[in-house]
Structures are given as structure tokens and as C-alpha cells.
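What follows is a set of notes on a single structure, which appears directly below.
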Amino acid sequence: MFNRSSAFIICANSAWTKSCNSVLSEIGFAHIEHITDAKALALVPFSRPLQFCFITPASDQNELKRVMRAIRGHNLDKHRFSPMIMLARSLSRRQIDDYIGLGMDDIVQFPCSLKFMGDRLKRQLCRPLKYFETDTYFGPDRRRDAEREVDHQERRKGEADYRQYLIQRDPFEGVRMLDIYDHQAAQLAGTEAEAS
């Protein structure tokens, strides 16, 4: 399944890159690219239907943000909705929350078995996934995360503009857009005022 997709390891740390490369090869990725930073990412061809982007905490936080913007801001959906996976040895709850807030699709912490990691990566494929785009966030639907519940209250009540995407990733076809919903808070407020 993964041999149809590319794996981009985005990290300047050669030790991390080497370690990640061997793990991803064993999982089945046949095409693996080593990318040092967001500038280098712009030069790499997105040649497969689907690219998994693997990031590590060995990279500087500002560089991680630039990488996320480069992927999530891409003009093609098949790249913009690439799975963004954080690979880490040990993270605090705060670090996990920070990475989720950046729009990561998943965080896999080592040590773990190859089967466990493969199963986690398969969650990104062949099923509908919701993404939200606001002024401050672009990434997977995180509304069920109890720690971040307060951050989502405004959007849940419809008091902020957002766009919701429903996508499905496929290793043969790439990203399919199933639905897009634009929520306009001002329009909703006007409609509710007219009804009362």
C-alpha cells in the first residue's frame, strides 16, 4: 500500500533522517526523499499520487511552521492535504498540543512496533476525513480533543467564519475532494435575526 506513495522526511538532523529512513523503508515506502527545510521542499517534485510528510521535533519550531505553511498553503489539493506526521521519541502534553495546533494529522512516538506505526499511517487512507480552515488554523478536525475544547467553542456556535473540507486519500488516486462547506458567521447572524 505505501509503495505507491512518497515519504518526505523533513529534517536537517542527519541522525534522525537516517533512523526515519530505515523505519519507513521497512514499512514499505519505496520512494523516500530527505528534505532539510521549507526552501528545499519547494524544489522537490511531488511525483506520486500521495506524499506522506514526516517531521521530527529535531527541527526548529519556526522551521516547522514554515514547512506546515509550505504544504498546507500549496495550490494543489493533492499536496495541500498531504498527511503530516510527527515522529518523536518523547513529547510532553504541551508539545503534543502545540503540534496538533499546527495542523498535524498524527503524532507517532517511539518506541513502537512497525505494525503499530503502519496501522497508524493507514488511518490516513481510504476513509473520509474532515479538515477545517480558519484565520488561525488549517488541519484535521480536532473538536473531540477535550484539552482544546475551549478553542473550538466559538466556531461550534457558528460565531466565526470557517471552511470545512471532506477529503479522502487514496494511494492510487491521491486526494479526492468529497465536499466543501463555507460557513459565514455574519450571514448566519443575519438569518437568525430575521427569524426572531
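Just so it is clear, none of the values below were taken in a lab; they were calculated from the coordinates. All values derive from a computational prediction rather than experimental measurement.
Suppose a student asked you for the relative contact order of the range 2-195, using Cα pairs under 8 Å spaced at least 6 residues apart; what percent would you report?
Dividing the mean separation by the residue count of the range 2-195 yields 18 percent.
Quick check on the chain: helices-only [θ] at 222 nm, where DSSP H runs of length 4 and up contribute -39,500 (n - 2.57) each and the sum goes over total residues. Nearest 500, please.
Rounded to the nearest 500, it is -10500 deg cm²/dmol.
For the pairs Lys18/Lys78; Lys18/Lys39; Lys18/Lys65; Lys39/Lys122; Lys18/Lys130, flag any whose C-alpha to C-alpha distance is greater than 25 Å.
Lys18/Lys78; Lys39/Lys122; Lys18/Lys130
By what distance, in whole Å, do the Cα atoms of the range 2-195 stretch along each of the three principal axes, largest value first?
On the principal axes, the range 2-195 reaches 61, 36, 32 Å in Cα extent.
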